[in-house]
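Novice: I have a structure I would like to understand better, so I am pasting it below and will then ask my questions one at a time.
The values are calculated or read from the model by the stated rules, or taken from the named source; none is laboratory data. It should be emphasised that the depicted structure is a prediction, and the values quoted were computed from it without experimental measurement. Please note: Cβ atoms are built from the backbone with ideal geometry, for glycine as well, and neighbour counts cover all protein chains shown. Side chains included, ligands, DNA and RNA excluded: accessible areas come from the protein's heavy atoms. Shrake-Rupley method; radii C 1.70, N 1.55, O 1.52, S 1.80 Å.
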Amino acid sequence: MNLKTFQGYLNSRGYKILDKIAYGVENDYPTAVQFNANKQWKVIMSAPVTEWKALVKDLKSELGKKYYFMYENGHLCFTLVLKDADYQQAFQGAVNAVTEALRRRSVAPSKNCPVCGNSGCDILVAYKGGYEAAHRSCMEQVVSHVKNKAQKSVSEGNYFTGIIGGILGAIVGVLPSFLSVVLVEKIYALLFALIPLCIYYGYKLLKGKMNKVVIVLTVILSVLSVYMIEMLLLAYYIVAEGFLISEAIQIVWASLLEPSVWTAMTMDALTSFLFVALGIWIAWGRISRTAGTEVKTMDQVMATVTPYGTTDGFSDYAAFTSEDRGEKDPADGVSL
């Protein structure tokens with residue numbers, strides 16, 4: 001069962017489809033379904049609870065171990081492994097079993113807006129990985145804020161300060177890899193994912209223009225960071241031979257004028273280049289986010305909006321109150 005099948009099936013059930021995630025409602029519970037693999041779907045239900053560990057343990061004892069339950073950002077999540085032949089029946093059976101189990105325990109979807117914390121929500125919308133009841137006015141304010149911030153980061157951003165931030169980020173990013181070589185004499189591929197992330201956030205922190213330049217700069221500095229590690233290691237080994245740090249810096253600086261040194265560093269660091277490429281791939285979802293990406297994301301979020309109210313098939317869980325769930329009064333406001 002491929003992504004097209006996933007999208008077609010959930011679209012037929014009234015879900016709003018955004019690439020690998022579908023947003024809809026199952027038995028009054030706002031639900032997001034994520035396509036993880038050809039036979040693996042992750043179901044995310046709006047079901048905030050206080051004692052979630054006890055609830056998950058209870059659900060496992062009742063429903064068996066075929067569901068792997070998690071609790072993330074106020075959402076009850078479980079992963080389904082589906083077969084091509086009966087995936088429709090299996091999915092429907094799973095969501096029915098879980099929602100009925102939640103109802104018996106008086107666990108209801110939140111009626112409070114995740115932005116302001118108040119009740120009286122009038123829409124359902126994608127929010128923090130799930131599908132939540134919210135106020136349209138609150139979400140419009142969030143979208144406006146993000147878009148204005150994105151536009152400001154381009155119009156008022158500065159390439160010079162951004163590049164300085166990227167270089168400083170590269171220095172921070174290479175330290176874990178440098179220390180792993182010095183302390184345990186090993187390099188770890190996962191540590192190389194920190195390098196592009198540190199460069200990206202360094203550029204962003206020092207107010208660089210958040211356009212495609214940040215992507216290009218992050219990739220270039222990530223590659224150059226391999227040479228930075230090699231130079232740090234060379235300086236470290238020179239100091240270990242009894243030289244002063246200032247002398248080691250002078251020796252390293254002078255050696256960089258020799259083409260043979262660059263060739264030797266390149267050959268010695270072939271594995272590191274592969275690891276930094278892997279690190280860029282791992283971090284790509286974050287380092288490829290520009291101001292345009294943020295605006296596009298907000299437009300996608302608003303594309304998931306569905307009217308919400310007791311007349312739209314939600315009267316059952318609207319009857320649950322905060323007191324029924326043992327919740328405290330909503331906070332005055334919640335910020336992103």
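Novice: For Ser106, Ser222, give the ranking by accessible area with the largest first, probe 1.4 Å. Walk me through the numbers on the way to the answer.
Specialist: Details: Ser106 50, Ser222 0 Å².
Greatest to least solvent exposure: Ser106, Ser222.
Novice: Can I ask one more? To the nearest 10 Å², what's Trp41's accessible area with a 1.4 Å probe?
Specialist: Approximately 0 Å² for this residue.
Novice: With contacts defined as alpha carbon pairs under 8 Å and 6 or more residues apart, what's the relative contact order of the range 140-219 in percent?
Specialist: Answer for the range 140-219 is 43 percent.
Novice: If you roll a 1.4 Å probe over the heavy atoms of the protein chains, what accessible area per residue do you get for the chain, in Å²? Spell out each step's value before the answer.
Specialist: On the way: 17870 Å² over 336 residues.
Dividing the accessible area of the chain by its residue count gives 53 Å².
Novice: Still on this structure: Semi-axes of the equivalent ellipsoid for the range 1-148, please: Cα gyration tensor eigenvalues, times 5, square-rooted, ordered largest first, whole Å.
Specialist: Values for the range 1-148, descending: 26, 20, 12 Å.
Novice: In whole Å, how far is the Cα centre of the range 70-87 from that of the range 15-36?
Specialist: 11 Å
Novice: Looking at Phe273, Gly169, Leu3, which one has the Cα that reaches farthest to the positive end of the dipole of the chain (charges on Cβ: Lys, Arg +1; Asp, Glu -1)?
Specialist: Leu3
Novice: Give the cross-link partners of Lys212 among the lysines, using a straight C-alpha distance below 28 Å as the criterion and excluding same-chain residues fewer than 8 apart.
Specialist: Lys20, Lys128, Lys147, Lys149, Lys152, Lys204, Lys296
Novice: Sticking with this one: Taking all protein chains as present, what is the carbon and sulfur share of the accessible area of the chain, in % to the nearest whole number, probe 1.4 Å? The partial results should precede the final answer.
Specialist: Details: 10690 of 17870 Å².
Looking at the chain in its full context, I get 60 percent from C and S.
Novice: Sort largest first and round to whole Å: the equivalent ellipsoid semi-axes of the chain, each the square root of five times a Cα gyration tensor eigenvalue. Please report the intermediate quantities before stating the final value.
Specialist: Numbers: eigenvalues 469, 115, 71 Å².
Here the semi-axes work out to 48, 24, 19 Å.
Novice: Sticking with this one: Using amide H atoms built 1.01 Å from N in the peptide plane, name the residues 5+ places from Leu82, or on other chains, whose amide H lies under 5 Å from its own.
Specialist: Gln40, Trp41
Novice: Charges only on Cβ, +1 for Lys and Arg, -1 for Asp and Glu: so what's the dipole of the range 92-178 about the Cα centre, in debye to the nearest 20?
Specialist: Roughly 240 debye, rounded to the nearest 20.
Novice: Please list Glu156, Glu132 from largest to smallest accessible area, probe radius 1.4 Å, with all protein chains kept in place.
Specialist: Glu156, Glu132
Novice: A further question on this structure: Give, rounded to the nearest 20 debye, the magnitude of the charge dipole that the chain has about its Cα centre when Lys and Arg contribute +1 at Cβ and Asp and Glu contribute -1 at Cβ.
Specialist: On the way: 31 positive and 29 negative charges, 114 e Å.
With only Lys, Arg, Asp and Glu charged at Cβ, the dipole is about 540 debye.
Novice: Charges only on Cβ, +1 for Lys and Arg, -1 for Asp and Glu: so what's the dipole of the range 225-303 about the Cα centre, in debye to the nearest 20?
Specialist: Result for the range 225-303 is approximately 420 debye, rounded to the nearest 20.
Novice: Can I ask one more? Per DSSP H run of at least 4 residues, take -39500 (n - 2.57); add these up for the chain, divide by its residues and hand me the 222 nm value, nearest 500 deg cm²/dmol.
Specialist: Dividing the helical sum by the residues of the chain leaves -18000 deg cm²/dmol.
Novice: Out of every Cα-Cα pair in the range 186-315, what percent are more than 22 Å apart?
Specialist: It works out to 56 percent of all Cα pairs.
Novice: Quick one: which of 242-248, 167-173, 286-292 comes out on top by average Cβ neighbours within 10 Å, and what's the full order, highest first?
Specialist: Highest-to-lowest ranking by the protection proxy: 167-173, 286-292, 242-248.
Novice: Something else: Compute the acute angle (0 to 90°) between the alpha-carbon long axis of helix 159-184 and the principal axis of greatest extent of the alpha-carbon atoms of the chain; round to the nearest 10°.
Specialist: The answer is roughly 80 degrees.
Novice: Sequence-distant or interchain residues sharing an amide H contact under 5 Å with Cys113, placed H: which?
Specialist: Long-range HN contacts for Cys113: Asn118, Ser119.
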